[in-house]
Amino acid sequence: MKDQISRIEKEAREDLSRVDSVDAAEAFRIAYLGKKGKLTELFKQLGAVPPEEKKAVGAELNRVKQWLESSVDESRQKAPQAGTSTEMFDETLPGIRPPQGSIHLLQQTIQEITSVFSRMGFETVEGPEIETEFHNFTALNIPLDHPSRDAFDTFYTTHGQLLRSQTSTVQIRVMKDRKPPLKIIAPGRVYRPDTVDASHSFMFHQIEGLMVDTQVTFSDLKGVLHLFLRELFGSDTKIRFRPHFFPFTEPSVEIDIQWGKGWLEILGAGSVDPNVFEEVGYDKNVVKGFAFGLGVERIAMLRHGINDIRHFYENDLRFLRQFS
Amino acid sequence: MKISTNWLKDFVELAPPISRIAERLTLAGLEVKKCEPLKTPADTVFEIEITSNRPDWLSHWGVAREIAAVENLSLKNPVVDPETGRTPPPGWKIQIKDAAGCPYYTGVLIEGITETKTPDFIVNRLLACGIRSINLIVDITNYVLLEVGQPLHAFDADLIHGKEIVVRKPRQGEKFTLINGAEIELKPEDLLIADSDRAVALAGVMGGKDSEINEKTRNVFLESAFFNPGRVRKASRTHQISSDSSYRFERRVDPEGVDVGRSRALALIQKYAKPRHISAVIKAGEKPQLAIKTIQLRADEVKSVLGVEIKPSQIALILGRLGLQVKQHSEGVWTVGIPSFRPDLTRPVDLVEEIARIYGFENIPETLPARAPITLGENPRLSLERKIRQLLSGAGLCETVTFSLISEDGLDAAKDLRRAVQIVNPLQHGLHWMRPTMVTSLLSVIQKNVNAGADSVPVFEIANIYSLPDAHKHPVEERICAIALYGKKAAQTWLDHARAVTIYDLKGYIESILKNAGSVDLCVAKVDKSYFAQGTSEELRTWQTPLAFLGQVSGELLKKWDLKEPVYYGEISLEKLLPQAQKIRTFKEWPRYPAIERDLSIVVKDSVKSGDLMGEIRGLGQGLIREVELFDLFRGKRVPAGCKNLAFRVVYQSLERTLVSEEVQKVHDKIAQMLVQKYQASFQS
């Protein structure tokens, strides 16, 4: 028994020399003093020791136990440990930062806008980018051969489809699909054959909104959109509603916000034209609604002071990471 | 359109300041984009954006009419020639052979012009509106166009053959030389003004070279007509000629304005050109009438659209100010007569808009829709996208937005573009494919950033790719998440070394996304893509569904994009991942009984796949293995050439009981033995 004790003590001395952390000290303690620890096992065997030796062996065991306990304490304190300072610590060393990624600013802007509307009970939906004449023009009350189409120059595919020139197509799809009441918001890519410069791109992002119900008025449109613009640009945002023309709304309005000394157009909107309701098979005498559309790039440029739309598509990491 | 405020004063009083007028117009729907002061003569020019539904605003008189309505003022009419007491020009006749294209044509012969100098006020006003003075007669036609909105055309009467005007379609193969000298080949749908021999004008668009007014012209044939808007638009687009005249005709001119414009021009010609003789007007056809001449309006319709109660008396007043004939039926019900210049008004809602405009949008209150809350589920795909964006941006990747339109650069026509969607009218040379993959888009992003000095470009994009699997059906759009990695995994710091990114980093991101979305039991399969280096790509599937693929971009493409280091590229199909995504996760109890870990370090040939070994180990575990993890892989040193050392940590754990170490050792030994037999594995310490 005594041999066993001294062998364990020797082993422990060796192990102890390798203890270099708090965790290791704990593992060391468990290995010797834990429930099934080596020394604990010897204590268990004490019953089998002849009575005349019991006292001496017991004393020896206790001595080793005390030594082990104090050693564990000591190595715990010596080990570098959270919450204790050592001479090695240099508070001026820079921290190791995790790599910096980012969500694209346009996406952040879309998320912010849709979440404002989501709080007002609008559901985010999407529609296809490759569309038909019907969804992009006919159903939106834009006659095939009419000057009102000039604003919506369009890319066509070799198989007679087109790339949507506006997200208003999604209103048509949703209305054809569902019954009122509807409150939707539809972000997405749109395409127009515009030459790329600081303020134009042949691909950009729009968000379309639509509310349809039995009693929706132009004054509701004003209320909802003013609330939205205050959420986005701040509660003291000054706005004005200016009559305009869109084939798919009547009355139609453009909304400007005050920016510096002047006004900047920020949204197009209007009460849904009865012809559109007719196209999608709603009873134009029963339902009313309003729709609106906004350009994501324009809003992001205004809010973040970006002067060239091309920054969004060039994807320079120095640009992307500024908005992480 | 440019509008001179001096000119407006001929028709309506403008109470200063002029900026107030600009604002009133803007808030009535004629947006004044710019207010430009002129010095000599003193004037202010408005640049007004006029929407395509209101061609009646494309003139000074039209804008003045709107100001009169908005400000509740009276409107003066332009001074016109009475056109009375004259005789028709002997021998002249007008024949309309295409009544659909030209329902109404009028003309007048003016002979013996004695003056040719354009008075200063006309020169100045034209100039203020951006039109250069040419000669008196042409200046007067332009002046009338800008003043009352009716385009006119003046021919040199001596150059019209046979004293005859024929409005007709072109003959087979007919050609025509425009005033600007360009020769065009006429299309069957074109509308021509011709004399007895040949075409003299492309109706409503532009006159001909052979009959234009010149400095020797003394006799003039003046045309004023109504041309079909669609036909003028078509001709203007087909031949790519836009003129002030076609711009108005294609938006529809006021049929009554045909006579007003002509008589206004005659008044000016009489006064300034001092002709010897003016003939009576000769006419052909009939002025087109509005399809809808009256609209019934009820006051409650105004309220239900606008959400504001406007007094019936005020409604009637507003409509009257706009030049509409308002006749009351009963309290709050009217029959509204529509004037010829407002074909845009066909329905009660159109009148409601007019009322709102004049009442003032700013005077309509703001309300919030009254409606009980409706339930709306979050779009599951968008929430999956949001999760992925958070995961990848949190891991240091930057999201990009690149164009969906690409060129075929770097792609294989047979493999990649066979089912791709093609654009017929691309804007920029070459960008005529809707991308079937994002690999080339992201390679360009990497290239741009490397050129800008970046040594690490980890990017991703969530967007659609497009294909046309069946030419008779609508193209398919598939939402994917593409990831591309280049350069260093992480920058060197004072604590850590830099390390180059590897394909396993990419695979790790993809695995994380798939597992976070809830897909389990991933397995790998081979995949063949034109843009990957051979034998360096794989597909990740769950059961039979391919969810993602990844690989190392081929050397050929790297060269093309001028990149020195490898690019790892992968795509995850969100459409296919979505059904795997679990909305609500079920809690799984972890084993309560202790685990026993055993390591297994073996040397095998390079050709042996670690995944096969892991599967084998698991299969031999008699249900006691909870996890097999590869924690080390190395070659060289004591490992023979062509071999690798793989170190696995095998975790034995039972859900039902505490495992005994001897039992585990037995299983473990058996596994080791099997690996030796099956894979010629050897053990090395």
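The values are calculated or read from the model by the stated rules, or taken from the named source; none is laboratory data. Just so we're clear, the structure is a prediction, and the values are computed from it rather than from any experiment. Don't worry about glycine lacking a Cβ; one is built from the backbone with ideal geometry, like all the others, and counts go over all protein chains shown.
Does B:GLU353 satisfy being assigned to a helix (DSSP H, G or I), loosely packed, with under 15 Cβ neighbours inside 10 Å and within 7 Å of chain A (Cβ to nearest Cβ)? No. Does the stretch B:221-235 contain at least one residue that is crowded, with 16+ Cβ neighbours inside 10 Å and assigned to a loop (DSSP other than H, G, I, E, B)? Yes, that holds for at least one residue. Filtering the stretch A:100-149 to residues that are among the small types (Gly, Ala, Ser) and over 20 Å from A:LYS183 (Cα atoms) leaves A:GLY101, A:SER102, A:SER148. Selection of the stretch B:633-668 for residues being closer than 18 Å to B:SER610 by Cα, charged (D, E, K, R) and not in a strand (DSSP E or B) yields only B:ARG635. Taking the conditions exactly as written (surrounded by fewer than 22 Cβ atoms within 10 Å (Cβ to Cβ), assigned to a helix (DSSP H, G or I), touching a residue at least 40 places away in the same chain (Cβ under 8 Å) and within 7 Å of chain A (Cβ to nearest Cβ)), does B:GLU385 satisfy them or not? So B:GLU385 fails the test.
Every residue, every condition in (1) out of contact with any strand residue (DSSP E or B) (no Cβ under 9 Å at 6 or more places or on another chain); (2) surrounded by fewer than 15 Cβ atoms within 10 Å (Cβ to Cβ); (3) not aliphatic (A, V, I, L, M), yes or no:
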site	(1), (2), (3)
B:CYS398	no, no, yes
B:PHE403	no, no, yes
B:ILE406	no, no, no
B:ASP409	yes, yes, yes
B:VAL421	no, no, no
B:GLN428	no, yes, yes
B:LEU431	no, no, no
B:ARG435	no, no, yes
B:THR440	no, no, yes
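In the stretch A:123-155, the residue that is surrounded by the fewest Cβ atoms within 10 Å (Cβ to Cβ) out of those that are of a type in the set (A, V, I, L, M) and touching a helix residue (DSSP H, G or I) at 6+ places or on another chain (Cβ under 8 Å) is A:LEU144. Of everything listed in (1) surrounded by fewer than 19 Cβ atoms within 10 Å (Cβ to Cβ); (2) within 8 Å of chain B (Cβ to nearest Cβ); (3) closer than 30 Å to B:GLY394 by Cβ, the single unmet condition for A:THR158 is (3).
Can you tell me which condition A:LYS35 does not meet? The list is (1) surrounded by fewer than 17 Cβ atoms within 10 Å (Cβ to Cβ); (2) in a helix (DSSP H, G or I); (3) of a type outside the set (Ser, Thr, Tyr), and all the others hold. Of (1) surrounded by fewer than 17 Cβ atoms within 10 Å (Cβ to Cβ); (2) in a helix (DSSP H, G or I); (3) of a type outside the set (Ser, Thr, Tyr), only one is false for A:LYS35: (2).
For the stretch A:258-277, give me each residue that is surrounded by fewer than 18 Cβ atoms within 10 Å (Cβ to Cβ) and either in contact with a Ser or Thr (Cβ under 6 Å, 6 or more places away or on another chain) or over 24 Å from B:ASN53 (Cα atoms) (or both). Hits for the stretch A:258-277 are A:GLN258, A:TRP259, A:GLY260, A:LYS261, A:GLY262. Among the conditions (1) hydroxyl-bearing (Ser, Thr, Tyr); (2) away from chain A (no Cβ under 14 Å); (3) under 37 Å from the mean Cα position of the chain (by Cα), B:TYR359 misses just one, which is (2). Looking across the stretch A:1-32, the residues that are more than 17 Å from A:TRP67 (Cβ to Cβ) and assigned to a loop (DSSP other than H, G, I, E, B) come down to A:MET1, A:ASP20, A:SER21.
For the stretch A:215-226, a tally of residues being more than 7 Å from every other protein chain (Cβ to nearest Cβ) and in a helix (DSSP H, G or I) returns 2. One residue stands out among those in the stretch B:362-382 that are free of Cβ contacts under 8 Å to residues at least 12 places away in the same chain and among the charged types (D, E, K, R): the one that is farthest from the other protein chains (Cβ to nearest Cβ), which is B:GLU378.
When the helices (runs of 4 or more DSSP H) confined to the stretch A:228-324 are screened for residues that are within 12 Å of another protein chain (Cβ to nearest Cβ) and of a type in the set (A, V, I, L, M, F, W, C), those reaching at least 3 such residues are found at A:317-320. Where helices (runs of 4 or more DSSP H) fall wholly inside the stretch B:243-322, the ranges with 1 or more residues that are in contact with a strand residue (DSSP E or B) (Cβ under 7 Å, 6 or more places away or on another chain) are B:255-272, B:299-306, B:312-321.
Flag: A:SER118 matches the condition of being modelled with pLDDT under 95 and either outside the structural domain of A:VAL49 (by TED's automatic domain parsing) or in contact with an Asp or Glu (Cβ under 8 Å, 6 or more places away or on another chain) (or both).
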